[in-house]
């Protein structure tokens, strides 16, 4: 592609997200085995888009790719955030510190496309605190990345399913007097995952 052609066809946001995410590396066997020991089958790590590993620099609820900002960074798992508009953002997660951050700030939740396209076989939209539980559940449900948008993003969802009673109270705190019904789902055990 010539320079002029490249300038006339700038990358779309989704293409930018895809290319940035694909700079990460694939999970190694040790990481896949560790996820398996935690109840996450390998297929859940690659569908619909792979979980990758990259070096990132966290800054509050956001992160930068360490290479882009000239820092050593720290390793984190990265996920593409899908919405009705396709690939809209990248989330970085470091399990040891429970840091979870966005690259662009466009995403609301991992699995957010399910807000508008619920699974008809599931009663309510499952909400998880952490990506590990979401991955155990086969990415069925969401992990909220920007709690400040929960009230508007989830206003039309009739039922949210929290992990436990404490999580239920946390989710209820996102809504004033009205909002979705919030129930408590049963936890996934390693035997059923």
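Just so you know, all these numbers are worked out from the coordinates, no wet-lab data involved. Bear in mind the structure is a predicted one, so any value in this text is a computation, not a measurement. Note that each Cβ is placed from the backbone with ideal geometry, even for glycine, and that neighbours are counted across all protein chains shown.
So the values come out like this:
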{"quantity": "Residue 49-residue 149 pseudo-label distance in nm [points 7 Å out on the Cα-to-Cβ vector]", "calculated": "1.4"}
{"quantity": "For segment 21-79 versus segment 119-193, the gap between their alpha-carbon centres in whole angstrom", "calculated": "23"}
{"quantity": "The chain: relative contact order in percent, alpha carbon pairs under 8 Å with at least 6 residues between", "calculated": "16"}
{"quantity": "Cα gyration tensor shape of segment 75-193, rounded if a/c is under 1.5, else prolate or oblate by comparing a/b with b/c", "calculated": "rounded"}
{"quantity": "Segment 84-147: projected area of the alpha-carbon convex hull, averaged over directions, in nm²", "calculated": "4.5"}
{"quantity": "Over the chain: helical MRE at 222 nm, DSSP H runs n ≥ 4 each giving -39500 (n - 2.57), nearest 500", "calculated": "-6500 deg cm²/dmol"}
{"quantity": "Förster-model FRET efficiency, 45 Å R0, residue 28 and residue 175, C-beta, rounded to 0.05", "calculated": "0.60"}
{"quantity": "Gain on full stretching of the segment that runs from residue 36 to residue 119 - 0.36 nm per residue minus C-alpha separation", "calculated": "27.4 nm"}
{"quantity": "Per-residue Cβ neighbour rank within 10 angstrom, fewest leading, 3, 170", "calculated": "3, 170"}
{"quantity": "Sorted by Cβ neighbour density within 10 Å, fewest at the top, the residues 62, 174", "calculated": "62, 174"}
{"quantity": "Hydrodynamic radius by Kirkwood, which averages 1/r over all alpha carbon pairs of segment 1-106, in angstrom", "calculated": "14.9"}
